[in-house]
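Single-structure report; data block below.
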Amino acid sequence: MTTDLVSIRHDLHRIPEVGLDLPETQAYVLKALDGLPLEITLGKAVSSVVGVLRGGRPTTGKRPVVLLRADMDALPVTELTGLEWASTNGNMHACGHDLHMAMLIGAAHTLCERRDELAGDVVFMFQPGEEGVDGCRYMLEEGLLDVAGSRPDWVYAIHVWSALDPCGTISTKPGTVMASSDVAQIRYIGRGGHGSTPQRAADPVPALAELVTATHAMVTRSFDVFDPVVVTVGKLSAGTIANVIPEEGEAHATLRAFSRPTRDRLIERLRGLAHGIADAHGLTCDFTLIEQYPVTVNDDTEADVVAAKVAELFGDERHARWERPLAGAEDFSRLLLEAPGCFIGLSACPPDLDPDTAPFNHSAYARFDDSVLDDGARLLAELAFDKLT
């Protein structure tokens, strides 16, 4: 590949930005795509970049469309890798999105060079805000699916890992590949008072403690171990001093499930549990659900298509079929609700590290090996090429 993807990746790694507004990253992506025969659309609410490549071969009827996605945002993590190209702005591409952008830029250059062979169109989706702020939803609301004139027939994305598998391993799985993710914010409102006379108050603290332990029991007693859920209470807050019973307290929890019906049931079970504990303690309960990402579900056929393409391009030994889904979540799940496709894993674990013990994504020490860039770009380009020729 003529495009220097390593330099692109290192440049992007030096300028990580967090959330939905990524002006430097957006400008860099636009510069990397400059001169290509793409129809460029920029986001209004978010700093997204969408490029549409019109294939040169004539077609009759609906033109098929392939969408390829790369996420752009970083994390508010101070980098501790010691790399020459490490970030110094207090943020870090600790989840490898700099590699994703470089690979999609490479795929765009390759497909533009072969434009005349394509009997359809390719959408290159550069998306901000994957890390918990649902950038995909904003892009869908702004008309992403219609930007090519007709909706995508297939969608693909690659995500790199800094551990798990040996470097260069490309992994797929039919069906559920990642969990859903939601946040429950539970506020108990009672009646404050003096610590010496708890009978004159309505104390939210014991109720919060009971909620945490009851939640653990709910997970093991209400849900099938073969269709599991994960509930993590990550925040508890109440009170200001030891001898004062507080007026109120809060618990914030993340909820994860691996099927859509179980996700719905988990939310309702936790809601009922929270209100029941509040009633038992004479408290008022304010239950707020922040819906995040749906379950990420690969199309069975497309997972097989990707596995076959990996074997064809790189050999059977480069492909691994995941046995179990990951408990992380992805807003690429929203695209898989709209069109068949595949979320693909690619290990960029440095060869000098043990995949079982290497710092994983989101760690301040996470390192990703540049050697996977060309293969990732090639795989994305070939998947689109096969669909449109």
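The values are calculated or read from the model by the stated rules, or taken from the named source; none is laboratory data. Just so we're clear, the structure is a prediction, and the values are computed from it rather than from any experiment. Cβ placement follows ideal geometry from the backbone for every residue including glycine, while neighbour counts extend to all protein chains displayed. Accessible surface is based on the protein model in full, side chains and every heavy atom, while ligands, DNA and RNA are left aside. Shrake-Rupley method; radii C 1.70, N 1.55, O 1.52, S 1.80 Å.
Restricting VAL233, VAL155, VAL177 to those that are open to solvent by less than 10 Å² (accessible area, probe 1.4 Å) and touching a helix residue (DSSP H, G or I) at 6+ places or on another chain (Cβ under 6 Å) reduces the list to VAL155.
Residue pairs whose Cβ atoms lie under 7 Å apart, separated by 6 or more positions or on different chains, with the first residue in region 137-165 and within 19 Å of GLY106 (Cα to Cα) and the second open to solvent by 40 Å² or more (accessible area, probe 1.4 Å) and outside any loop (DSSP other than H, G, I, E, B), do not occur. Looking only at residues in region 346-389 that are of a type in the set (S, T, N, Q) and under 19 Å from the mean Cα position of the chain (by Cα), the one that is farthest from THR78 (Cα to Cα) is SER347. Scanning region 190-220 for residues that are open to solvent by 50 Å² or more (accessible area, probe 1.4 Å) and in a strand (DSSP E or B) yields a total of 2. Given the conditions (1) open to solvent by 30 Å² or more (accessible area, probe 1.4 Å); (2) assigned to a loop (DSSP other than H, G, I, E, B); (3) farther than 19 Å from VAL155 by Cα; (4) touching a residue at least 12 places away in the same chain (Cβ under 8 Å), which single one is not true for ASP116? With respect to (1) open to solvent by 30 Å² or more (accessible area, probe 1.4 Å); (2) assigned to a loop (DSSP other than H, G, I, E, B); (3) farther than 19 Å from VAL155 by Cα; (4) touching a residue at least 12 places away in the same chain (Cβ under 8 Å), ASP116 is out only on (2).
For region 235-261, the tally of residues that are closer than 17 Å to VAL183 by Cβ and out of contact with any strand residue (DSSP E or B) (no Cβ under 6 Å at 6 or more places or on another chain) stands at 0. The strands (runs of 3 or more DSSP E) found wholly in region 256-327 and carrying at least 1 residues that are open to solvent by 50 Å² or more (accessible area, probe 1.4 Å) occupy 284-293, 319-321. A residue that is more than 14 Å from THR169 (Cβ to Cβ), surrounded by fewer than 18 Cβ atoms within 10 Å (Cβ to Cβ) and more than 18 Å from the chain's Cα centre (by Cα) occurs nowhere in region 335-345. Among the residues of region 1-25, just one is in contact with a strand residue (DSSP E or B) (Cβ under 6 Å, 6 or more places away or on another chain) and open to solvent by 30 Å² or more (accessible area, probe 1.4 Å), namely VAL18. Give region 240-255 a look and list any residue that's closer than 14 Å to ALA202 by Cβ and open to solvent by 40 Å² or more (accessible area, probe 1.4 Å), or say none. The answer is VAL244, GLU247, GLU248. Only residues that are of a type in the set (A, V, I, L, M, F, W, C), in contact with a Pro (Cβ under 6 Å, 6 or more places away or on another chain) and surrounded by fewer than 24 Cβ atoms within 10 Å (Cβ to Cβ) were counted in region 73-111, giving 0.
A quick yes/no check of all residues on (1) modelled with pLDDT under 95; (2) closer than 24 Å to TRP161 by Cβ:
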position: ALA251; (1), (2): no, no
position: LEU289; (1), (2): no, no
position: PRO294; (1), (2): no, yes
position: ALA303; (1), (2): no, yes
position: VAL306; (1), (2): no, yes
position: ALA327; (1), (2): yes, yes
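Quick check on region 36-58. Is at least one of its residues without any contact (Cβ under 8 Å) to a residue 24 or more places away in the chain, over 22 Å from GLY149 (Cβ atoms) and not acidic (Asp, Glu)? No, region 36-58 has no match at all.
ALA32 meets all of the listed conditions (1) under 24 Å from ASP369 (Cβ atoms); (2) open to solvent by less than 50 Å² (accessible area, probe 1.4 Å); (3) under 22 Å from the mean Cα position of the chain (by Cα) but one, namely (3). Among residues of region 295-306 that are hydrophobic (A, V, I, L, M, F, W, C), those with a beta-carbon under 6 Å from a residue that is open to solvent by less than 10 Å² (accessible area, probe 1.4 Å) at least six positions away or on a different chain give the pairs VAL295/SER180; ALA303/THR172; ALA303/CYS342; VAL306/THR172; VAL306/CYS342; VAL306/ILE344. On the given criteria, is GLU210 of a type in the set (Asp, Glu), within 24 Å of ILE267 (Cβ to Cβ) and over 26 Å from the mean Cα position of the chain (by Cα)? Spelling it out, GLU210 is indeed of a type in the set (Asp, Glu), within 24 Å of ILE267 (Cβ to Cβ) and over 26 Å from the mean Cα position of the chain (by Cα).
Residue pairs whose Cβ atoms lie under 9 Å apart, separated by 6 or more positions or on different chains, with the first residue in region 309-328 and within 30 Å of GLN292 (Cα to Cα) and the second basic (Lys, Arg), are ARG321/LYS173; TRP322/LYS173; GLU323/LYS173; ARG324/LYS173; PRO325/LYS173; ALA327/ARG256; GLY328/ARG256.
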